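For reference, the structure discussed in these notes is given below.
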Amino acid sequence: MPPVGQTIRQGLIAGAVLLVAGWSALAVALETGPREVVVQVDRLNLRPQPGTSGTPLRQLNRGSRLTILETGPEWLKVRYRDTIGYVRNRERYLDTSPALDTAREERAAVDKELVAHREALSNVEGHENELLDRLDALNRKIQATRKDAGDLRRKIKTIEKRIADAETERQDVGRRIAEQEQHVAGRLVALYKLNWLGNLNVMASADSINGMVQRKAALERILSLDNRQREQLLQNYERWSFLQIDLENSRKAELDLEARYEERIRALDRERAVRAALLNDVRSQKRLETAAISALQTAAGELDTIISSFTTRATGRPEPPPPGSIGTLKGLLDAPVKGKIANFFGPFKNTRYDVMNFRSGIDIKSERGEPVQAVFAGKVLFADWFKGYGNMLIIDHGHNYCTLYAHMEELFKQKGDPVEIGEVIATVGDSGTLSGPGLYFEVRYHGKPEDPQQWLKAQK
């Protein structure tokens, strides 16, 4: 089954062809094309050329059927069986009802086809919005896939750090085991010698009873320390075994996550290919592109409604902005992202279709994943997907000022979160746009868009 865009294109082309072909066929049937007539008189001369001079090719009897090849004011070029010649163009000589019947039949057939195609076109027009809805849903799916892939990548990095830490600890435990084994081996030799001499001989060699007691206490401390050393060695053996098992499990988990990550990347590539095909359909058809523009205008209207619900409209003369507010920093704000302005604020003309539109912000071309920073401190009013704008974030800066950031890949803030000036709030993406990675940025006062370039520092 062909994709929706291809179906639309085929339907539109078929409609145009049918209209032209149908009416052309009708015109031919009624005016200049070959049509059949019947001779109404006896001995009608079929002449070799227009005019009465020359010998007739033959005489035609009443009821003979002729095919008219060319029509002139006085003479008709006709075919009778295998002979081509000329006869007088007089109504009393020829009956044109067969030609009219044929024309009427063709007209009826064309009308029938036109009615059928109008019905088909009415169905096709509904597919335009269906295609745009599919495109938006696919953009959402791609965004979700990117998020899943990002989450998996972060989990892999966490496991990699855990593996590295466990490996470092395992090596450290291994070194301690080697040192303790050497120490314990020496102590075992000493204990063997002590056992060979006997504890009583060691204590009896003291010069006094007090010395004997001290030697006994010292010997007990040495033996207690040796026991602790042996216990620590056994604990290190257990710890080393645990770390070894943990490392093996972590490496298995890492391999599993990497396999899932690769699958998400492959899925992302497949979804991008589908989106590329849909975008090709949208861009190749005027009807779909104008429908996309209309959809964006509708989305912009909905956006105006949302922003209006967040802010109050100005009444009367505007008051000067208070000190320290964003209103005092016009022309002094840092750009929200590194990049070059690709599309500017204000009215612009679609030269392809000679249509005027209005852009309420600016498009900044940037690399995917580039950090997006808040131009001023404030509070997040909106942080979610918005049709036509993708992942979008709106920040309220107080005193009826707000800024809007759209087409982002990953949002780091939620509704209600406080934001500091220069804080990273998102990363650059291409969600909800047909133009590749970049940031769409707006500045609004009392809900009305203002030129962001007048608020940002001049680009060097």
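The values are calculated or read from the model by the stated rules, or taken from the named source; none is laboratory data. The structure presented is a predicted model; accordingly, all values stated were derived computationally and were not measured. Note that we place each Cβ from the backbone using ideal geometry, even for glycine, and neighbour counts take in every protein chain shown.
Out of the residues in region 54-73 that are over 13 Å from D95 (Cα atoms) and assigned to a strand (DSSP E or B), which is modelled with the lowest pLDDT?
This residue is T71.
Which one of the conditions (1) in a strand (DSSP E or B); (2) modelled with pLDDT of 95 or more does A342 fail to meet, given that it meets all the rest?
(2)
Among the residues of region 244-267, which ones are in contact (Cβ under 8 Å) with a residue 12 or more places away in the chain and under 21 Å from the mean Cα position of the chain (by Cα)?
Y261, R264, I265, A267
Would you confirm whether or not region 417-433 contains a residue that is in contact (Cβ under 8 Å) with a residue 60 or more places away in the chain, more than 23 Å from E271 (Cβ to Cβ), in contact with a Lys or Arg (Cβ under 8 Å, 6 or more places away or on another chain) and not β-branched (V, I, T)?
no
Please count how many residues of region 33-71 are of a type outside the set (S, T, N, Q) and within 13 Å of G85 (Cα to Cα).
Step one: of region 33-71, the residues of a type outside the set (S, T, N, Q) are 33-39, 41-44, 46-48, 50-51, 54, 56-58, 60, 62-63, 65-66, 68-70.
Subsequent filtering for residues that are within 13 Å of G85 (Cα to Cα) retains 44, 46-48, 50-51, 54, 56-58, 60, 66, 68-70.
Residues meeting the conditions: 15.
Would you say V28 is at pLDDT 55 or above and β-branched (V, I, T)? Walk me through it before giving the result.
Details: at pLDDT 55 or above: no; β-branched (V, I, T): yes.
No.
Can you name the residue in region 382-439 that is touching a Cys at 6+ places or on another chain (Cβ under 8 Å) and crowded, with 20+ Cβ neighbours inside 10 Å and is also farthest from R146 (Cα to Cα) among such residues?
Selected residue: I395.
Among what's in region 414-427 and is at pLDDT 95 or above and touching a Leu at 6+ places or on another chain (Cβ under 8 Å), pick the residue that is nearest to D363 (Cα to Cα).
A426
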